[in-house]
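Right, one structure below, let's go through it.
Values quoted throughout were computed directly from the atomic coordinates according to the rules given, and no laboratory measurement underlies them. All values reported here derive from a predicted model rather than from experimental measurement. Note that each Cβ is placed from the backbone with ideal geometry, even for glycine, and that neighbours are counted across all protein chains shown.
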Amino acid sequence: MTGCTGDHCVTCSDEAVAVTVVRLLDDDLAEVDVGGGRTEEISVALVEAAAGDTVLVHAKEAIGTVPR
């Protein structure tokens, strides 16, 4: 059973955000495009992702991928 239903996580009331992987880094990290010309570093330890993929991120952790 998961703690997340609907649009928000019942644990922290946060949402997963879709971002695009710019490049993979060492230690299961990735640089992602968050829009507005900004990038951030996130963990991709829980998913298989490559540059150009769209991933869903919650608390700086990729928790899923969006099919192309």
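Here are some notes:
- Under 5 Å, built H, 5+ apart or other chain: amide partners of Thr39: Val34
- 3J(HN,Hα) from dihedral phi, the stretch 22-37, Karplus parametrisation 6.51/-1.76/1.60, rounded to Hz, x for glycine, proline: 8, 7, 7, 10, 5, 6, 6, 10, 8, 8, 10, 8, 9, x, x, x
- In terms of packing, defined here as the mean over residues of other Cβ atoms within 10 angstrom, the peptides 52-61, 21-30 line up highest first as 52-61, 21-30.
- Cβ-defined net charge surrounding Lys60, 10 Å radius [Lys, Arg +1; Asp, Glu -1]: -3
- Amide H contacts under 5 Å for Asp53: Val21, restricted to partners 5 or more places along the chain or on a different chain, H placed in the peptide plane at 1.01 Å from N.
- Two-site label geometry, Asp33 and Ala51: point separation in nm, points 7 Å out along Cα→Cβ: 1.3
- Under the simplified labelling scheme, the Leu25-Glu61 pair shows an inter-label distance of 1.8 nm, with each label point 7 Å from Cα along Cα→Cβ.
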